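The structure appears below as structure tokens.
Every number in this text was worked out from the coordinates using simple rules, so none of it is lab data. All of these numbers come straight from a predicted model, not from anything done at the bench. Note that we place each Cβ from the backbone using ideal geometry, even for glycine, and neighbour counts take in every protein chain shown.
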Amino acid sequence: MHDDLMKGALFVHLLEFSQSQLGYDRVEQVIASMKLVNGGSYTSVGMYPVSEFMMLQFAMSEHLNIELDEFCHRFGRYVIPLLAINHVNPDEDHPFDFLERVHGTIHVSVRKLYPNANPPAVEVIERVGNRSLVLRYRSHRPLASFCGGMLEGALNMFRGRHSYIYERRGAEPRTETAADFYVFEGPEDEIHDA
């Protein structure tokens with residue numbers, strides 16, 4: 001059976017994030033107890049099964065004793081500045097301009113560099129100037145909470161120049177394969193999931 005592949009950089013950052021939360025030795029113990037095809041060894045340029053990424057997130061959230069959704073959200077918030085470093089200048093860009101580039105520019109580049117990659121659809125479907133925006137996440141991978149964390153992290157990169165709040169909306173019961181995020185101007189220094 002073909003397993004969907006994901007860029008290795010996300011695996012590397014997932015382990016770094018987990019080590020910052022649990023410590024290096026504990027993360028190594030968790031990995032050693034798992035049956036991972038790659039044995040928990042990843043490179044930024046490699047492509048690895050999404051199933052392993054999901055297994056790692058679940059295991060790390062269990063060891064942190066937090067819900068998987070919360071772990072994914074925290075990881076998304078942590079990783080976006082690392083992934084966006086070559087794609088954004090917080091002193092010059094507007095956060096909405098950056099969010100519009102994710103699907104049309106950044107994910108297109110990912111597909112060119114990694115033909116086996118299948119990034120999600122993360123698209124701005126509505127924008128009212130710099131006042132509000134709707135970001136839509138659609139994927140066969142259940143990573144909407146991760147996307148929400150990345151959105152929050154992206155907005156935080158612009159803190160000081162712009163202040164926004166956001167709200168996740170979507171089908172009920174909530175699904176992790178689809179979500180709409182409504183972003184609005186908010187009070188100074190207030191960026192949170194409403």
Give the Debye-formula value of log10 I(q)/I(0) at each listed q (0.12, 0.17 Å⁻¹), with one equal scatterer per alpha carbon of the chain, two decimals each. -0.60, -1.19
What is the range 5-65's relative contact order, in percent, from Cα pairs under 8 angstrom and six or more apart in sequence? 52 percent
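Quick check on the exposure proxy: order Lys35, Lys7 from fewest to most C-beta atoms within 10 angstrom.
Arranged by neighbour count, lowest to highest, Lys35, Lys7 become Lys35, Lys7.
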Put +1 on the Cβ of each Lys and Arg and -1 on the Cβ of each Asp and Glu in the range 79-185; which of Ala171, Ser132, Pro81 then has its Cα farthest toward the positive end of the dipole? Ala171
Could you point to the residue in Tyr24, Gly8, Leu151 farthest towards the positive end of the chain's charge dipole, with +1 and -1 charges on the Cβ of Lys/Arg and Asp/Glu respectively? Gly8
Compute and list, largest first, the equivalent-ellipsoid semi-axes of the range 1-84 from the alpha carbon gyration tensor, each √(5λ) rounded to a whole angstrom. 18, 16, 12
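How much net charge surrounds Gly170 when only the other residues with a Cβ under 11 Å from the Cβ of Gly170 are counted, with Lys and Arg +1 and Asp and Glu -1?
Combined, the nearby Lys, Arg, Asp and Glu give +1.
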How big is D for the range 79-185, in µm² s⁻¹ as a whole number, if Stokes-Einstein is applied with the Kirkwood radius of its Cα pairs at 10 °C and 1.306 mPa s? 112 µm²/s
